[in-house]
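Asker: Sharing a structure below in structure tokens format, with a few things to ask.
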Amino acid sequence: MIPKVPITVTVNGRTYEREVPPRLHLADFLREDLHLTGTHVGCEHGICGACTILLNGDSVRSCLTFAVQANGAEITTVEGLGTPDDLSPLQQAFREHHALQCGFCTPGMLMSTIDLMQKGTPATEEAVRGALSGNLCRCTGYENIVRAVLAAMEAAGPEGKAAEGTENEAGANG
Amino acid sequence: MKPPPFTYVAATSVAEAVAALAAHDGEAKVIAGGQSLVPMLNFRLLAPAALVDINGIRELDFVDATADGGLRIGALTRHYTLLTSPDVAERFPVLGEAMRHVAHLAIRNRGTIGGSLSHADPAAELPMMVTLLDATLTVAGPGGERQLAAADFFDGALTTVLAEDELLTTITLPPLPQPHGWGFHEFAQRAGDFALAAAAVVLTADDGAAANVRLAVMGVDENPSRIAAAEAALVGQPVSDDTIAAAAAAVREAVDPPEDLHGSATYRRHLVGGLVERAIRDAWARATGNAGGAA
Amino acid sequence: MDNLPEDLPADLNLMEMRPKIIGARVQRVEDPRLLTGTGQYTADIKLPNMAHLAFRRSEMAHATIDNIDVSAALAVPGVIAVYTAEDFYGQITPPRAESKTEGFHSTPILPLADGKVRHVGEVVVAVVAESRYIAEDAAEHIEIDFTPLPVIADPREAVKNEVLLHDDAGTNVLVDRTFGRGEVDDAFSQAAHIVGGDFRTTRKTASPIEARAAVCEWDRGRRTLTLWSATQVPGVIRDTIGDVFGLSGSHVRVIAPDVGGGFGCKTCLYPEEMVACAAAIKLGQPVKWVSDRMEDLVGTNQAFDEYVHAELAVDAEGHILGLRADVVGDSGAYSIYPWTAALEPVQVISFLPGPYRMPAYAARTRAVATPKTPLGAYRGIGRPTATFVMERLVDLAARAAGIDPVEMRRRNLVQPHEFPYRTGSGLVWDRVGFIESLDAVTDSIGYDDLRAEQLKMREAGRKVGLGVVCYAELGGIGSRIAVAPGMPINTGVETANIRIDATGAITANFGTASNGQGLETTLAQVVAEELGCRVEDVEIRHGDTSLMAHGSGSYASRSAVLAGGAATVSAREVRANVLKVAAMIMEVAESDIDMVGSRIYVPGTDREMTLKQVAHTYYQEMGRLPKEVREEVPLESTRSFDPYLGTAACASHAALVEVDPVTWGVKILKYAAAEDCGRIINPDVADGQMRGGIAQGVGVALLEEIIHDEDGQILTASLVDYVLPSAVEVPIMDVMHVESENPDNGTGFRGLGEGGIIGAPAAIANAIADALDIDIREIPITPEKLFRQTGN
């Protein structure tokens, strides 16, 4: 048997010390060990984006990252945004624009959106579509998601972007 | 789709990583961004005894502008860093453009240049770019470092000349003539996917004639390659419809495209020629200061 | 409708003052939990002592199983049990979907392959372990000796029955059915133009982002099975699981918690659900199975796999005279439960005549067993194929007759005065906005101007094309028509139970189940409007078989129509009783009071009560009301709704595309769709259904294809190779709703859920054909195919 490895991670501001098998996906660690089931697993090969979380501030696929690799890291999951009674502005924008149906891709969409906003993605239809192209949705046809993100960008204003964000095209695909 | 069991080594230095690789006698794999490796583990296409994690080797994460006008790039540099690096944009805009086609934000945050080169996917942008740009790759092993030309690094689809106990550490890009024109065109059915084919061109316009021409393609052979005959078809004369057609013909002649679900060899050969034509037009327009007309 | 209570208030002014809830853009009730990660999907369920299930699946398409050695798997630490088919003998009675349809042969649904495998990905051995990781490790250690059997992967070959997939069926042709009307041969002999040929829609899979999942718990003491399943049809699963395990319905509870999309693929009973239940019963501990994506791509029912030969006859003015069709559907290895292999291929010929006047029609369809993943339901079921073929034919005929394609459609659409119209296949279109939706879509895109612009773009060398299509569908089907031909279950009814409890709270229970389309919101809107309360006052419960005696689920665009209808009749009855009770308490005539926003009041006075006060008086204040009131006037109603026939819905779609002559990639420049789903409950939800369906249609048209080689091996077993569209490939869409009145089904609601995917492939195909002046006979339309078809 391969021994478990001790790790310390901070998730949504709370620090956890756990022992994990090296092969445990970060997604499974969050869901099974920490009971944070808001992070969804859709494909386990990095295509669908449902499992996207923030690792030290950057969006990553938690199905392509092992829990041991998160040792010492700060993680934000969808549970770290708003609550059902107090939605974050981005979550509220999604609700107002009917940007979700089944909700399964939604946590990944939200986490990707936070990152694309902090990285200074231009608030244009084309740039947002490009920046979200790594998150698949089968219900909405994307248009309402794009509208919600554009609305959230507008509401956040230029200050909504993180300081390190340069004017790049985080998601533009030729 | 859970990976098979493995032990885990978190290396904090190149020496530690190389030692860990050597200690596992070929049964260990390096994990950097993991964006290609982990899917293969999840599909159980690989079952290494150990993963040697190099994410803790901070000294491999850098983009340094060199005095000669080139760049030194650490193997652990993330795609996102390359995409947004002002030095890349200024000195190697063709690389900056190529990075816009690499996967998606979350993958770019994690994926590394060293990982992409070591994975050697025939349809990945970075192997093509180091080939185009004549990079020198520095590799560390138990016996010390060695330097390889990019063209000698790749050894067939998903294969490199890296020994099992070697680690790619640094990518050195020699300077491009400045100013230069460049063009990059890629086609994938879905945004961010591996391309069906791509073409990249760098050249200068010297007294109205194309010079310093580099032309590389990917997705149409086991590894990306520069096409000498196509470069030759352009050098020494103004770029025209005729020379573009000749270069594209030379590319179509030179490549041996794979067949797969998404495209036949015949289609890929056609496609890459068309992408080459577009890349040349863009490069020439930029080199001659008519970039406004570039697509 | 004679089952609607005649309790509509006479005072029309009052009606107008009442806030309109049906038709309002109400924000979804589901969203706060789904947006914050506090929803509960099946994979999120964790029970004490829960074990995890993984499968060893067949890597052969067709082979006998000679031996299975599980010893090495059992030796893996953490493995609890390993099961093969024999282990379930006597425990499981494999269900078999029977059908009264002509020429039908049934197949069983087996929990595990028994003696023989029939497709790559079929479940052969089940492993139960302490974790999914360990279960997968152990599955790799199972040794299976196969002897390959001949593989006939092409259904057009399999019809020859040279190799049988199911010996007991005696044939590979599981369904052989013909439809006919009118004198087709005469129609073709009189035709000025005959167009047509061979068409092909290749295999797709629905691919909800949540793959299937099941958690099963067996309570030994109470002999009760609880199955949480990511299913669209908990009612169907409950009824079937009861039979499979010999348990009464009161001892089986099936719960569909939050479901992450279904699009039809979660409407069947699957082997994995039976195995999870069987293992939980054997082990006395809860068992969880969560499909991974690879399993989903080989083990979840697929769709769209048809070969269609079709010809259309028109006169010199472009009037349709007749249609002929011969369809071969690739049904895969098993006839699915409960819908049977007839489901998709029969729908193709049922819907092929479309919304057009069709004097003569002759069609044959066959459902053919092949060693591939079974063909099941995917949004639109057969109609995307039917519409693709018919709309190509109409464009071809328009070209042959020299008529503009939109004018061609206008000439042939069933006209308003012709409803109800019986189509060539026997379906009946009730009054629906065929013409109105075509007008709306052509107005929206500015058809004439766009044609002029297209000419200019083409003169500039751009390959730009415009496609316009029309289709009709049937949703909200009642008991007169089977959702699948001759199938064994009643899909024509839904039941609502609405009650006001002692605290004054309103709970509305339904037999249907949401799989993401927002039923908790839309049904709450219906209840709120009909009852006279606020949306937030209503708690909608669904997706749990313990709620209702009977129910099936969400499929076939039925929930808004059937559950919405049941909600309407039930809420009206509760309202009538509330008013009756309140009138007694308030000592006024029933006709003098009204209820709006859970407030019961006497208009023009300050006399009012809250629903909470009425409920409190009714339930708690002994002596305030005569005992007969509690005995005879319940604050609760259980009513069913059966629309008997189905309701027609329709749409027109238009696409403007550009093809890149270097890459042969297709870009959708403009997209518009106008649909008639009757009275809209929530415009956002209706819009969302259309947009989502169109996006899936884009995938169907351009990207998605399950590919098998001639040995039956699947070549697209990842989302790298099975290409779902992203936000970049899906265009901006102009979606319009034509709300034509439907006075005949009680509520005016029509089915909507499937429309988008029905029209989009045809519209895109017609646009590409127009752009390149070629015929398009096959979807998906890939760059490779366009490259070859344009003479390269």
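Asker: Step by step: first the residues of the stretch C:24-82, then only those that are charged (D, E, K, R) and away from chain A (no Cβ under 11 Å), then the one that is surrounded by the fewest Cβ atoms within 10 Å (Cβ to Cβ). Which residue is that?
Answerer: Within the stretch C:24-82, the match that is surrounded by the fewest Cβ atoms within 10 Å (Cβ to Cβ) is C:Asp66.
Asker: In the stretch C:417-433, what residues are in contact with a Phe, Trp or Tyr (Cβ under 8 Å, 6 or more places away or on another chain) and either in a helix (DSSP H, G or I) or in contact (Cβ under 8 Å) with a residue 12 or more places away in the chain (or both)?
Answerer: C:Phe419, C:Tyr421, C:Thr423, C:Gly424, C:Ser425, C:Gly426, C:Leu427, C:Val428, C:Trp429, C:Asp430, C:Arg431, C:Val432, listed by residue number.
Asker: Now a separate question. So is C:Arg422 open to solvent by 30 Å² or more (accessible area, probe 1.4 Å), at pLDDT 95 or above and not aromatic (Phe, Trp, Tyr) or not?
Answerer: The answer is no for C:Arg422.
Asker: Test C:Gly712 against the criterion of being of a type in the set (Gly, Ala, Ser) and within 20 Å of the chain's Cα centre (by Cα), and give yes or no.
Answerer: no
Asker: Pull up the stretch B:258-291, narrow it to residues that are within 13 Å of chain C (Cβ to nearest Cβ), surrounded by fewer than 24 Cβ atoms within 10 Å (Cβ to Cβ) and among the small types (Gly, Ala, Ser), then point me to the one that is farthest from B:Ala228 (Cα to Cα).
Answerer: If we take residues in the stretch B:258-291 being within 13 Å of chain C (Cβ to nearest Cβ), surrounded by fewer than 24 Cβ atoms within 10 Å (Cβ to Cβ) and among the small types (Gly, Ala, Ser), then B:Ser264 is farthest from B:Ala228 (Cα to Cα).
Asker: If you don't mind, another one. Which one of these does A:Asp58 not meet: (1) open to solvent by less than 10 Å² (accessible area, probe 1.4 Å); (2) within 7 Å of another protein chain (Cβ to nearest Cβ)?
Answerer: In the conditions (1) open to solvent by less than 10 Å² (accessible area, probe 1.4 Å); (2) within 7 Å of another protein chain (Cβ to nearest Cβ), A:Asp58 misses (1) alone.
Asker: Shifting gears a bit: Could you tell me which numbered condition A:Leu36 fails, if it satisfies all but one of (1) open to solvent by less than 10 Å² (accessible area, probe 1.4 Å); (2) within 9 Å of chain C (Cβ to nearest Cβ)?
Answerer: Going through the list (1) open to solvent by less than 10 Å² (accessible area, probe 1.4 Å); (2) within 9 Å of chain C (Cβ to nearest Cβ), A:Leu36 breaks only (1).
Asker: Do any strands (runs of 3 or more DSSP E) lying entirely in the stretch C:628-694 carry at least 2 residues that are on the phi < 0 side of the Ramachandran plot and touching a His at 6+ places or on another chain (Cβ under 7 Å), and which ones are they?
Answerer: It comes to C:666-676.
Asker: Among (1) within 8 Å of chain C (Cβ to nearest Cβ); (2) touching a Phe, Trp or Tyr at 6+ places or on another chain (Cβ under 8 Å), which single condition is A:Phe66 missing?
Answerer: Among (1) within 8 Å of chain C (Cβ to nearest Cβ); (2) touching a Phe, Trp or Tyr at 6+ places or on another chain (Cβ under 8 Å), the lone unmet condition for A:Phe66 is (1).
Asker: For the stretch C:743-780, which positions are under 22 Å from the mean Cα position of the chain (by Cα), away from chain B (no Cβ under 14 Å) and in a loop (DSSP other than H, G, I, E, B)?
Answerer: Result: C:Asn745, C:Thr747, C:Gly748, C:Arg750, C:Gly751, C:Leu752, C:Gly753, C:Glu754.
Asker: Go over the candidates B:Ala197, B:Ala228, B:Ala216, B:Ala149 one by one and state the one that is in the same structural domain as B:Gly70 (by TED's automatic domain parsing) and either free of Cβ contacts under 8 Å to residues at least 40 places away in the same chain or under 17 Å from the mean Cα position of the chain (by Cα) (or both).
Answerer: Only one candidate passes the filter, namely B:Ala149.
Asker: Quickly run through the stretch C:619-631 and pick out the residues that are within 42 Å of the chain's Cα centre (by Cα) and open to solvent by less than 90 Å² (accessible area, probe 1.4 Å).
Answerer: Once the filter is applied, which keeps residues that are within 42 Å of the chain's Cα centre (by Cα) and open to solvent by less than 90 Å² (accessible area, probe 1.4 Å), the stretch C:619-631 yields C:Tyr619, C:Arg630.
This table checks each residue for (1) out of contact with any helix residue (DSSP H, G or I) (no Cβ under 9 Å at 6 or more places or on another chain); (2) more than 7 Å from every other protein chain (Cβ to nearest Cβ); (3) part of a loop (DSSP other than H, G, I, E, B); (4) open to solvent by 40 Å² or more (accessible area, probe 1.4 Å).
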site	(1), (2), (3), (4)
A:Ile7	no, yes, no, no
A:Thr15	yes, yes, no, yes
A:Glu19	yes, yes, no, yes
A:Glu44	no, no, yes, no
A:Ile75	no, yes, no, no
A:Gln91	no, no, no, no
A:His98	no, no, yes, no
A:Gln101	no, no, yes, no
A:Thr113	no, yes, no, no
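Asker: If the requirement is being open to solvent by 10 Å² or more (accessible area, probe 1.4 Å), at negative phi and among the polar types (S, T, N, Q), which of these qualifies: C:Thr521, C:Thr568, C:Thr503?
Answerer: Matching residue, one of C:Thr521, C:Thr568, C:Thr503: C:Thr503.
Asker: While we're here: Residue under question is B:Val220, and the condition is that it be assigned to a loop (DSSP other than H, G, I, E, B), under 28 Å from C:Val728 (Cα atoms) and touching an Asp or Glu at 6+ places or on another chain (Cβ under 8 Å); does it hold?
Answerer: yes
Asker: On the basis of being hydrophobic (A, V, I, L, M, F, W, C), under 20 Å from C:Ser229 (Cβ atoms) and part of a helix (DSSP H, G or I), does C:Ala563 make the cut?
Answerer: Answer is yes for this residue.
Asker: Could you tell me whether the stretch A:45-54 includes any residue that is within 26 Å of A:Glu143 (Cα to Cα), modelled with pLDDT of 95 or more, hydroxyl-bearing (Ser, Thr, Tyr) and in contact with a Lys or Arg (Cβ under 7 Å, 6 or more places away or on another chain)?
Answerer: For the stretch A:45-54, residues within 26 Å of A:Glu143 (Cα to Cα), modelled with pLDDT of 95 or more, hydroxyl-bearing (Ser, Thr, Tyr) and in contact with a Lys or Arg (Cβ under 7 Å, 6 or more places away or on another chain): present.
Asker: Search the stretch B:14-43 for residues being surrounded by fewer than 16 Cβ atoms within 10 Å (Cβ to Cβ) and either in contact with a helix residue (DSSP H, G or I) (Cβ under 8 Å, 6 or more places away or on another chain) or over 15 Å from B:Leu168 (Cα atoms) (or both), and hand back the single one that is nearest to the other protein chains (Cβ to nearest Cβ).
Answerer: B:Glu27
Asker: Let me ask something else. Can you tell me which of C:Pro634, C:Pro643, C:Pro661 is open to solvent by 10 Å² or more (accessible area, probe 1.4 Å), within 14 Å of chain B (Cβ to nearest Cβ) and not hydrophobic (A, V, I, L, M, F, W, C)?
Answerer: Checking each option against the conditions leaves just C:Pro661.
Asker: Among the residues that make up the stretch C:382-394, is at least one of them part of a loop (DSSP other than H, G, I, E, B) and under 17 Å from the mean Cα position of the chain (by Cα)?
Answerer: yes
Asker: Does the stretch B:67-83 contain any residue that is within 14 Å of chain A (Cβ to nearest Cβ), open to solvent by less than 10 Å² (accessible area, probe 1.4 Å), in contact (Cβ under 8 Å) with a residue 60 or more places away in the chain and of a type outside the set (Ser, Thr, Tyr)?
Answerer: Scanning the stretch B:67-83, I find no residue that is within 14 Å of chain A (Cβ to nearest Cβ), open to solvent by less than 10 Å² (accessible area, probe 1.4 Å), in contact (Cβ under 8 Å) with a residue 60 or more places away in the chain and of a type outside the set (Ser, Thr, Tyr), so the answer is no.
Asker: Right, another one. Checking C:Val728 against (1) farther than 22 Å from C:Tyr378 by Cβ; (2) buried (at least 22 other Cβ atoms within 10 Å of the Cβ); (3) of a type in the set (A, V, I, L, M); (4) within 14 Å of chain B (Cβ to nearest Cβ): exactly one of these is not met. Which one?
Answerer: Condition (2) is where C:Val728 drops out.
Asker: Just one of C:Val574, C:Val578, C:Val614, C:Val602 is open to solvent by less than 30 Å² (accessible area, probe 1.4 Å), touching a residue at least 40 places away in the same chain (Cβ under 8 Å) and over 39 Å from the mean Cα position of the chain (by Cα); which is it?
Answerer: The conditions single out C:Val614.
The values are calculated or read from the model by the stated rules, or taken from the named source; none is laboratory data. In this text, all values refer to a predicted model and were calculated from it rather than measured experimentally. Glycine gets a Cβ as well: all are built from the backbone with ideal geometry, and neighbour counts include every protein chain shown. Protein only, heavy atoms only, side chains kept; ligands, DNA and RNA dropped before computing areas. Shrake-Rupley method; radii C 1.70, N 1.55, O 1.52, S 1.80 Å.
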